[in-house]
Amino acid sequence: MGEAREGSGVREGSGGAVVDAFIELDRVEKVFDVRRRTGFLRRERRQVRAVDGLSFTVARGEIVGYIGPNGAGKSTTIKMLTGILTPSGGRLRVAGIDPARERTRLAHRIGVVFGQRTTLWWDLPLIDSYRLAHRMYRIPDARYRENLDRLVELLDLESLLEVPVRQLSLGQRMRGDIAAALLHDPEVLYLDEPTIGLDVVSKARVREFLGELNTERGTTVLLTTHDLQDIERLCSRVMVIDHGRMMYDGPLAGLHEAGESERTLVVDLERELPPIEAGPAARVVRVEGPRQWLAFPASQSAAPLVARIAAEYPLVDLSVREPDIETVIGRMYADKETVVPGAGNS
Amino acid sequence: MGEAGRVRDGLREGWRAYRLIAGMWIRSTMAYRLSFAMALVSGLLVTGLDFVAILLMFSRVDALGGYSLPEVAFLYGLSATSFGIADLVIGSAGRLGSRVRDGTLDTLLVRPAPVLAQVAADRFALHRVSRITQGALVLGYALAATDVDWTVVKVLLVPVTLVSGAVIFGAVLVAGAAFQFVAQDAAEVQSAFTYGGQTLLQYPPTVFGKELVRAVTFVFPLAFVNWVPAAYVLGRPLPLDLPGWAAYAPPLVALACCAPAGLAWRAGLRSYRSTGS
């Protein structure tokens, strides 16, 4: 698996030739007609380009984070890759199949997890969804048994099998959904916000499972997320889109550099004091009573900064906040020229 | 693979998925036999009241539009039974609008099965057989009480009409569901056509204005669910002075209804997959 994890080097040969591309998008577009009521019987029609000339390839066995702000076109891309939506233009192939034309044939080879809505049968016990998948996907009996046993063990579902899906907690349901998406041994797993709304323990569990799935079974994984930690733990490669266009395609470290992102140190002092002077790398961005906010480069360790403040100021409490994706991308936008190893490879 | 091949494969796969999903729901229903029995009995009572309204009417009058009580019961039985079958088999598709609205339709599109089969079989409600049972009971009474000059053709026409009627109502339900791709709140409009149409058909065509009967015969051919074949069986003139062979038309009308309903469904699904909302 080491090869695929190297990221960009594997995807393209020297002449830009694609090596074992499993997912291929070539100038894919999706244009929506948005109708808006502007008065009684009067409507305004507007075209929205949700995905605007997007090109990328994903090799078999890669695990790729697909990020961007709300409305950037992430879900639209996933919907086109699964055959739910028909592209307005461009060429799109998954495992050599055109998803929009051969939706049901493709369905046997992909697994999909929507974080916000379940693919499980809401009012029925969890096991019923799996039994139905067994028949509907025509999974051979022995294979079904084996996969179910393994997934139930890895995702700790044993005690939940007889529970109606609607009674499961969000984290339990998510694990149930992931198992359902994997029973038929899909070659690629799409996850749309798999950790949204999960507690820390559930998040860690889902991440660990996905990492193992990728290394042990070689399943290609494409996940959209708002959570940079998902990406940090799992993905060697990140694709950032905004306004339907590829903003960045490369390793995560490069994203932080490209976005010149900053982390924030929140400091609670014993009393109100003038802004902390903590050297050239950090600057105070906000003061509210005894609480102060300091920004420092994400590439830098927080330890020396914390040590210095603790030594010179009456410190009560502190916390470090990671930059969120919106901020990173916002900065990237503001400083567009410096970005992008590998983006715009159309 | 040609178009015909694709349609045939789609039907086969659809039927397979339908059986799997409906079977799952039936097994789940049967896990709670008591509540199933109660739903069945209450369904029988509620639909039974529907016919009681007609009985009450006949306590005041001897005939309705020239039709006697057993004759009206014949109309009622044919229409209620056909509609009951269609509603049992495909009625769940009427929830399509809410699936489009809350986005759960997407989860059906990632499964290897036709979407129509999945929405139709979703929450398959076996207790809806109560409506079929009640319709069949009324039909049984009508057959026993009417004074029909039975011939082989008339005997065969009754089951043929029931199946054709179910297909016609089924086509209306599918077309209504297809309309919900475009207008997600159209479930009420659909109910007006299905429940409204079904209620309309419980009364003889002779009590309605000619324009309405014409519309229900030629534009929106619900008249072939019962009015036309029943008039023939009962030895009455066919509505709108239709020629006698029109009484054998229900199966053809039913098949003819499937085509536009199927096309409407495909167009609706295509539009959903291009707009996503």
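Six or more apart or on different chains, Cβ atoms under 7 Å: show the pairs whose first residue is in region B:33-58 and without any contact (Cβ under 8 Å) to a residue 60 or more places away in the chain and whose second is of a type in the set (A, V, I, L, M).
Pairs that qualify, where the first residue is without any contact (Cβ under 8 Å) to a residue 60 or more places away in the chain and the partner is of a type in the set (A, V, I, L, M), are B:57/B:64; B:58/B:69.
Looking at region A:77-114, which of its residues are β-branched (Val, Ile, Thr), part of a helix (DSSP H, G or I) and open to solvent by 10 Å² or more (accessible area, probe 1.4 Å)?
Passing the criteria: only A:104.
Which condition number does residue A:150 fail, the rest of (1) at pLDDT 95 or above; (2) over 24 Å from residue A:224 (Cα atoms) being met?
Every listed condition holds for residue A:150 apart from (1).
Filter the strands (runs of 3 or more DSSP E) completely within region A:205-267 down to those with at least 2 residues that are more than 27 Å from residue A:171 (Cβ to Cβ) and in contact with a helix residue (DSSP H, G or I) (Cβ under 9 Å, 6 or more places away or on another chain). It would help to see each step written out before you state the result.
Working: elements: A:220-224, A:237-242, A:245-250.
The qualifying strands (runs of 3 or more DSSP E) are A:237-242, A:245-250.
Determine whether region B:257-267 contains at least one residue that is part of a loop (DSSP other than H, G, I, E, B), open to solvent by less than 30 Å² (accessible area, probe 1.4 Å) and out of contact with any Lys or Arg (no Cβ under 6 Å at 6 or more places or on another chain).
The answer is no, given that none of the residues of region B:257-267 is part of a loop (DSSP other than H, G, I, E, B), open to solvent by less than 30 Å² (accessible area, probe 1.4 Å) and out of contact with any Lys or Arg (no Cβ under 6 Å at 6 or more places or on another chain).
When you go through B:95, B:99 one by one, which is the residue that is without any contact (Cβ under 8 Å) to a residue 24 or more places away in the chain and either under 30 Å from residue B:268 (Cβ atoms) or surrounded by fewer than 20 Cβ atoms within 10 Å (Cβ to Cβ) (or both)?
Of the residues listed, the single one that is without any contact (Cβ under 8 Å) to a residue 24 or more places away in the chain and either under 30 Å from residue B:268 (Cβ atoms) or surrounded by fewer than 20 Cβ atoms within 10 Å (Cβ to Cβ) (or both) is B:99.
Just to be sure, is residue A:229 open to solvent by 10 Å² or more (accessible area, probe 1.4 Å) and either outside the structural domain of residue A:78 (by TED's automatic domain parsing) or within 28 Å of residue A:72 (Cα to Cα) (or both)?
Details: open to solvent by 10 Å² or more (accessible area, probe 1.4 Å): yes; either outside the structural domain of residue A:78 (by TED's automatic domain parsing) or within 28 Å of residue A:72 (Cα to Cα) (or both): yes.
Criteria met by residue A:229.
How about region B:46-73: which of its residues are under 20 Å from the mean Cα position of the chain (by Cα) and more than 12 Å from residue B:203 (Cβ to Cβ)?
B:46, B:47, B:48, B:49, B:50, B:51
Identify all residues within region B:222-246 that are of a type outside the set (Asp, Glu), under 17 Å from residue B:209 (Cα atoms) and surrounded by fewer than 20 Cβ atoms within 10 Å (Cβ to Cβ); write none if there are none.
Passing the criteria: B:237, B:240, B:242.
Since residue A:295 meets every condition but one in (1) within 21 Å of residue A:74 (Cα to Cα); (2) not assigned by TED's automatic domain parsing to the domain that holds residue A:175, which condition does it not meet?
Evaluating residue A:295 over (1) within 21 Å of residue A:74 (Cα to Cα); (2) not assigned by TED's automatic domain parsing to the domain that holds residue A:175 leaves (1) as the failure.
Answer yes or no: is there a residue in region A:172-183 that is assigned to a strand (DSSP E or B) and within 10 Å of chain B (Cβ to nearest Cβ). Give the steps one after another, and end with the answer.
Our first condition is that a residue be assigned to a strand (DSSP E or B); within region A:172-183, this holds for none.
For region A:172-183, residues assigned to a strand (DSSP E or B) and within 10 Å of chain B (Cβ to nearest Cβ): absent.
Answer yes if at least one residue in region B:116-132 is open to solvent by 40 Å² or more (accessible area, probe 1.4 Å), closer than 30 Å to residue A:98 by Cα, within 24 Å of the chain's Cα centre (by Cα) and among the basic types (Lys, Arg), and no otherwise.
No, region B:116-132 has no match at all.
Within region A:185-204, count every residue that is open to solvent by less than 10 Å² (accessible area, probe 1.4 Å), of a type outside the set (Ser, Thr, Tyr) and either more than 18 Å from residue A:155 (Cα to Cα) or in contact with a helix residue (DSSP H, G or I) (Cβ under 7 Å, 6 or more places away or on another chain) (or both).
Residues in region A:185-204 being open to solvent by less than 10 Å² (accessible area, probe 1.4 Å), of a type outside the set (Ser, Thr, Tyr) and either more than 18 Å from residue A:155 (Cα to Cα) or in contact with a helix residue (DSSP H, G or I) (Cβ under 7 Å, 6 or more places away or on another chain) (or both): 3 in total.
Restricting to region A:88-136, what's the tally of residues that are more than 8 Å from chain B (Cβ to nearest Cβ) and either hydrophobic (A, V, I, L, M, F, W, C) or touching a His at 6+ places or on another chain (Cβ under 8 Å) (or both)?
So the answer is 12.
Could you figure out which of (1) more than 14 Å from chain A (Cβ to nearest Cβ); (2) in contact with a Leu (Cβ under 6 Å, 6 or more places away or on another chain) isn't true of residue B:139?
The failed condition is (2).
What's the total number of residues in region A:304-346 that are part of a helix (DSSP H, G or I) and modelled with pLDDT under 55?
Looking only at that region, the number is 3.
Quickly run through region A:42-57 and pick out the residues that are more than 20 Å from the chain's Cα centre (by Cα) and under 16 Å from residue A:92 (Cα atoms).
A:53
What helices (runs of 4 or more DSSP H), lying completely within region B:1-120, carry at least 3 residues that are over 26 Å from residue B:165 (Cβ atoms) and within 14 Å of chain A (Cβ to nearest Cβ)?
Fully inside region B:1-120 and qualifying: B:3-30, B:96-102, B:105-109.
Of B:23, B:91, which residue is modelled with pLDDT under 95 and not acidic (Asp, Glu)?
On the way: B:23 fails: modelled with pLDDT under 95.
Being modelled with pLDDT under 95 and not acidic (Asp, Glu) holds for just one of B:23, B:91, which is B:91.
Considering only helices (runs of 4 or more DSSP H) fully contained in region B:126-223, which possess at least 1 residues that are in contact (Cβ under 8 Å) with a residue 24 or more places away in the chain and in contact with a Lys or Arg (Cβ under 9 Å, 6 or more places away or on another chain)?
B:152-182, B:187-200
Output the residue which, of all residues in region A:130-160 that are in a loop (DSSP other than H, G, I, E, B) and surrounded by fewer than 15 Cβ atoms within 10 Å (Cβ to Cβ), is farthest from the chain's Cα centre (by Cα).
Filtering first and then ranking leaves A:140.
The values are calculated or read from the model by the stated rules, or taken from the named source; none is laboratory data. Nothing here was measured: the structure is a model prediction, and the numbers come from that model. Cβ sites come from the backbone with ideal geometry, for glycine too, and all protein chains shown count toward neighbours. Accessible surface areas use protein heavy atoms only, side chains included; no ligands, DNA or RNA. Shrake-Rupley method; radii C 1.70, N 1.55, O 1.52, S 1.80 Å.
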